1. If you bin the C-alpha pair distances of region 68-225 every 5 Å from 0, what whole percents do you get?
2. Among Trp119, Ala275, Gly366, whose Cα projects farthest towards the positive end of the dipole of the chain, with charges put on the beta-carbon of Lys, Arg (+1) and Asp, Glu (-1)?
3. Return the long-range amide H neighbours of Glu336 (sequence gap of 5 or more, or a different chain), with a cut-off of under 5 Å between placed amide H atoms.
4. Suppose only helical runs count, i.e. DSSP H with n ≥ 4. What mean residue ellipticity at 222 nm does that imply for the chain under -39500 (n - 2.57) per run, divided by all residues and rounded to the nearest 500 deg cm²/dmol?
5. How many angstrom separate the Cα center of region 155-227 from the Cα center of region 346-391?
6. Could you give the nm distance between label points at Ser82 and Gln226, where each point is 7 Å from its Cα heading toward the beta carbon?
7. Lys/Arg Cβ at +1, Asp/Glu Cβ at -1, dipole of the chain taken about the Cα centre: which of Ala424, Leu241, Leu21 is farthest positive-ward?
8. Can you tell me the FRET efficiency between Thr64 and Asp38 if r is taken as the Cβ-Cβ distance and R0 is 35 Å, rounded to the nearest 0.05?
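Nothing in this text is a laboratory measurement; each read-out follows from the coordinates by a stated rule. Keep in mind that what you see is a predicted model, and the values were worked out from it rather than measured. Here Cβ is always computed from backbone atoms with ideal geometry, including for glycine, and neighbour counts include all displayed protein chains.
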Amino acid sequence: MTRSARPLGALVARRIVLFTLLAMLVQLGFVVAQYAADTGNLSRLLLERETAALAEGFSIRQSTLSYELPEALRGRYDVEGSGYVARVRTPSGVILFSHCDASCTEHFLPLDINPPNFWLRTLKEGYPLSFAGGRTVDIEGRPTFIEIAIDGDRQGALWEVFADEVTEHMLVPMGLALFVVLGASLYSIRVALRPVRDAAATAELLDPMKPDGALSTQGMPLEIAQLAGAVNRSYERVRNLIAGQKLFTSAIAHEIRTPLAIIRLELERIDHPRAARAIREIDELTRFLEQVVALARLEATGRDGFAEVHLDQLLEEVVGTLAGMVYAGGASIGFEGSTDPVVSGSAPLLRDAVRNLIENALRHGGPGVAIRIVSTSDGHIDVIDDGVGFVAQPVSDALGHYKRSGGLGIGLEIVRRICELHGARFDIRRAGARGTVATIALTLPPETPSD
C-alpha cells in the first residue's frame, strides 16, 4: 500500500462535507439576497426578535405583574441617543417600563387605544432599518403590550436576525441532512467494500502454484468485480506460464542427461588428466540438472502428503548414505542426535534439504572440511562445518538469498523452498572466524492432551 492511499470512506466523507459546505455558501448567498430585498419582512423579524427579548423581563410577584429591563438589553434600550426606544404597558394603559421622551412617543400608539396583537410602521425606507411597532405578549394569562422604535439600527441588531434565520432555516436542516447523508454513505461504502476486504485478505494468501487460487467476486460492486476478474485471469496466465516453464525445464534436464551420460562413458575410456577433469565437470553439470529437476518437482508438491517424520532416524540415514562420498573427498562427517523429535513433513524432501546442505559444505568448505549434523529436541537441524564460510547475497539474487563462494546457489534455493513448504525457518551464518552453520528450524506439532 502506498503512502498516498486513503480509505474510500474518508475520501467520500471529505467530498460530501466539501460539497455540502459549498452548497451552504451558495444557499447563504440566496438567503441574504432574498431577505435583503424585503426590508418589510426584515423589520417584522427584527420586531419579533426584540420584543421576545424584552419579554424576558416580566415577572409576577404576589399576583402583581412587574417588569425590569433584561441586563443584556440595557446597553441598547436604556441609553440616551442609542436609536433604540421601548415602552411596556398593559392594555389599560399602565406603563411598566418606558425609555422614550416626547419626540419618540409619537411613534407609539396612544395609551387610550386598546393595542392590536401586532402592528408595524416604517419610519424611513431602505437601509439602515427605521421602524416602529409593537405586539401583545401573554404573561401567565395576562396580555401585555410591548412597543419599540428603532432609528438606524446602530448596534446591528439586524445581523442577529440574519444569524437566527440562517441557523434555523439553513444550518440546522442542512446539518441534519449532512449527518444523515454522510452516515448513510459511509455505511453503504462499508457494506459494499466488505467483499473487497475479504478478497484482499484472500489475495494475500494466493499461491500461483495452486490451480484453485482465485478471488471471489460475489457481492462486489460491478467495477471492482471487473478488477478482481482481471486479477484472476492474470493469475491463471501466471499458473500456465509456470506450468509450461516447469515442463520445459524438466524436459530439457531429461534430454541433456542422456547425452551427458554417454559423453562420460566415452571419457572414462581415455586415460588422461584432462579427461578426468572433464568427467568432474560433467558430474557437476549432472548434479546441477538433478537439482533443476528437483526444483521443478518441488514446485508441484503440497502438504497433502505430509506424515510423521522422526528426525534422528532420517538424519542418520542421510549421513550413512553420504558418508562414503564425504570420506572419498578427503572430508569427515558425524551425526549428533537428540531425543528423536517427530515433525510433520515430507521425508524425501527433508532428506533432499539435508543432502544439499552437506554437499554444499563438502563442495565449498575447502580441503579436509569437517561436517557435523546436529539434531535438537525442539525440531532444529544444524549442518555445521569448519570450512571457508559463505557469502551472503542480496535479496534480488535470482537463485536465492545465499551462495557459497564459487557456487550458483541453486542447492540452497531448494533448501529454502523446502523449508518454506514445511513452514520452517532457514538460516545460514558464519560460525566464528571459520566455518558455517546452516539451520533448518522445523516446528514440532502441538502435544495432544492425555485422557
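1. Histogram of Cα-Cα distances, whole percents per bin: 2, 7, 11, 12, 11, 8, 6, 4, 4, 4, 4, 3, 4, 5, 5, 4, 3, 2, 1, 1, 0.
2. Ala275
3. Answer set, sorted by chain and number: Ile373, Val374, Ser375.
4. Mean residue ellipticity at 222 nm (helix-derived): -16500 deg cm²/dmol.
5. 56
6. 6.8
7. So the residue we want is Leu241.
8. My answer for the efficiency is 0.25.
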